[in-house]
1. I need to check one value: relative contact order of the chain, counting alpha carbon pairs closer than 8 Å and at least 6 residues apart, in percent.
2. To the nearest 20 debye, what is the magnitude of the charge dipole of the chain about its Cα centre, counting +1 on the Cβ of each Lys and Arg and -1 on the Cβ of each Asp and Glu?
3. How would 136, 3, 122 line up from fewest to most surrounding beta-carbon atoms within 10 angstrom?
4. Can you compute the helix-only [θ] at 222 nm over the chain? Use -39500 (n - 2.57) per DSSP H run of at least 4 residues, normalise by all residues, nearest 500 deg cm²/dmol.
5. When 377, 139, 236 are ordered from fewest to most other Cβ atoms inside 10 Å of their Cβ, what list results?
6. With a length cut of 24 Å (Cα positions projected on each helix's long axis) and a Kyte-Doolittle mean of at least -0.5, go through the chain and give me the DSSP H helices that pass.
7. Taking a 28 Å limit on the Cα-Cα distance, which of the listed pairs 264/311; 108/247; 30/86; 72/120; 47/99; 260/311 fall beyond it?
8. Tell me which trypsin sites (Lys or Arg not before Pro) from the stretch 265-316 have a DSSP coil assignment and no more than 12 other beta carbons within 10 Å of their own.
Amino acid sequence: LIDDLTEWGIAAPSVVITRFDNQPAANIFKNKLERRGIRVYTHRFTKGYPTDVDTIVSDEGYGSNSYIETKKQLIIVTGPGPGSGKLATCLSQLYHEHKRGINAGYAKFETFPIWNIPLKHDVNIAYEAATVDIRDFNMIDPFHLEAYGESAVNYNRDVEVFPVLRRILERITGTEAVYKSPTDMGVNCAGFGITDDEVVREASRQEIIRRFFRYSCEYAMGLVDHETVQRSELLMEEVGVKPEERKVLGPARSAAEEAKAANKGHDGIFCGAAIELQDGRIVTGKNSPQLHAASSLILNAIKVLAGIPDKIHLISTTIVDSITGFKREILHSGTMSLDLDEALISLAISAATNPTAQICMEKLPELRGCEVHVTHMPTPGDEAGLRRLGVNLTSEPQYSTRGFIEVRR
């Protein structure tokens, strides 16, 4: 996150570790940041939260946290995800600023849900699909309705915490809160940016399907419970879509079936993959003793984009043999076939002496934003390569190896 902000020209001079209680991992993280010149503050769980406002807004509550030194008038507080302590950090800082006579305020930038489109709009349901693991759900903001007689969409956590938050803000500032609803607190103009509602709805429906596949895989890996998958399925039913409406799903499954029928998989596993190019064409790939399905897919896709016949090999057999021999003899790897990371490096090496490989390699940027489906969960090397290419990946909850341990590099 710090790297991303720096790349965008936004300074990230300090980090706050919230809910700090001398956890070993938190201390290691703190030491690592400080030794790289980043100022680190620690905030513990706020005493009295959420009901005892007198304690919260006191030296025992927010006052026990460190004051964060800042130099700019506008401060951005961001974090790695929901529940990371952004609101608590802002409120703690407001307390300290007002104690110092600085009339600071607070607002939040929140893209979803979009407040001024219907509650059951596909975009807002896609937000629910994206947060189904933390049980978020959208609702009409009752405080906004009461204050303005206007329906506005918000989500449960913001609505539930608003009465306490309003009291805290009033206690900190000593004046009546300027916000009459949680929707008031948000800066969100996304709804005004929708120029083609059907395009946005279709993109949202596809995102809901992608989330279903993601949670299904996370369930297989033990990361989420079955209720998360079930809720994801219900949201698909709510917008009237099925997994099969993902255009790359059928071709990927067909590729796997073709590999099985021809006995062309590897180690008894037959994996298929498919990509939808920007012009709508579908390209497939299969696993083999030489290549993972993702590797085969990407090589096939760039050959199609470059107009190179399928029978032309982009990676020299000498390079493939050298890498597989290295993996077998030196690394003692359990699999010899090339994952996507390895295949892309091999392609780059081949391009130095093979003009055809060079032409195809130059087509890789055209894959960004394309839809990809793989019939088995990608290995770390496949997932890393696909992520760098910028494709929208889904996979089915089947392991692509027979081993129980995967080495993540």
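Taken together, the values in this text are just the output of simple stated rules run on the coordinates, not laboratory data. Because the structure is predicted, anything quoted here is derived from the model rather than measured. All Cβ positions, glycine included, derive from the backbone under ideal geometry; neighbour counts span all protein chains shown.
1. 10 percent
2. Values: 46 positive and 55 negative charges, 251 e Å.
Once rounded to the nearest 20, the dipole reads 1200 debye.
3. On the way: 136 18, 3 8, 122 24.
With the fewest neighbours first, 136, 3, 122 line up as 3, 136, 122.
4. Numbers: 16 runs with 180 residues, N = 409.
Result for the chain, helices only: -13500 deg cm²/dmol.
5. Working: 377 22, 139 14, 236 19.
Placing the least packed residue first, the sequence is 139, 236, 377.
6. Working: long enough: 156-173 (26 Å, -0.13); 197-220 (35 Å, -0.77).
Flagged H segments are 156-173.
7. Working: 264/311 16 Å; 108/247 37 Å; 30/86 18 Å; 72/120 40 Å; 47/99 18 Å; 260/311 21 Å.
Violating the 28 Å limit, Cα to Cα: 108/247; 72/120.
8. Details: sites: 281, 286, 303, 311; in loops: 281, 311.
Sites meeting the loop and neighbour criteria: 281, 311.
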